[in-house]
Amino acid sequence: MNRLSRETFWGPFSLLGFAVALAGFLADRLHKWWMLYVYDIAARGKVEVTSFFDLVMAWNQGVSYGLFAAETTTGVVILVSFALAVSFGLALWLARVDLKLTAIAIGLVLGGAVGNVYDRIAYGAVADFFSFHAFGFYWYIFNIADVWIAVGVGLIILESVWPGLGGASSGKDRGGNVR
């Protein structure tokens, strides 16, 4: 049985991944603060940017597409707990990656997830603003944290389909030995 060690929680690209996560989280927080308190999107209502894109104010009490809406404190605690558990799992995964692209991807997902967790704790729901639509069909409303999550997942999928796409690895195995 393996013992817990520094390598369990910190790997060759952990710093990169956590820096990306922090940058993603801060960009999300800054944008949400600006939209809520400077631009005051709630007072403006729907703002048509193009014929297929609007800025709107929507509070998502659930997860993707509003599923599993948490209208009670217990529901919010359950969603926050689940998101924090997933974030912890992502942090553990980050300690084990040996490709920069994978570390960046996990950092994006982690930063987006923590950004949305912040909203749930602070507001009881996630603030969403971007609404794309065409031919009478409206996609879900989302925010910058959701963009980070989607891009991160997309990069993980690409790297899984085409291994090595992200370039060189750290050059060391989990034991710190040069390959």
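Rule-based calculations on the coordinates, nothing more; no lab input. Please read these numbers as outputs of a predicted model, since none were measured by experiment. Virtual Cβ from ideal backbone geometry, glycine too; neighbours counted across all protein chains shown.
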Practice prompt. Grab every C-alpha pair in region 9-161, bin the distances at 10 angstrom width from 0 up to the longest one, and report whole percents.
Written response: 12, 36, 34, 16, 2
Worksheet entry | Paramagnetic reach from TRP10 (point 7 Å along Cα→Cβ, amide N under 13 Å) across region 89-118 | 95
Fill in: Total formal charge among the other residues, if their Cβ is under 14 angstrom from that of ALA105, Lys/Arg +1 and Asp/Glu -1
0
Discussion item. Please give the charge dipole size of region 9-161, origin at the Cα centre, charges +1 on K and R Cβ atoms and -1 on D and E Cβ atoms. Round to the nearest 20 debye.
Written reply: 200 debye
Worksheet item: Can you list the residues, at least 5 places off or on another chain, whose amide H is less than 5 Å from the amide H of ALA58, using H built in the peptide plane?
Response: ASP128
Practice prompt. State the extension gain, in nm to one decimal, for the chain segment bounded by VAL77 and ARG96, taking 0.36 nm per residue of separation less the distance between their alpha-carbons.
Written response: 3.9 nm
Practice prompt. Could you tell me the distance between the Cα centroids of region 22-42 and region 99-168, to the nearest Å?
Written response: 16 Å
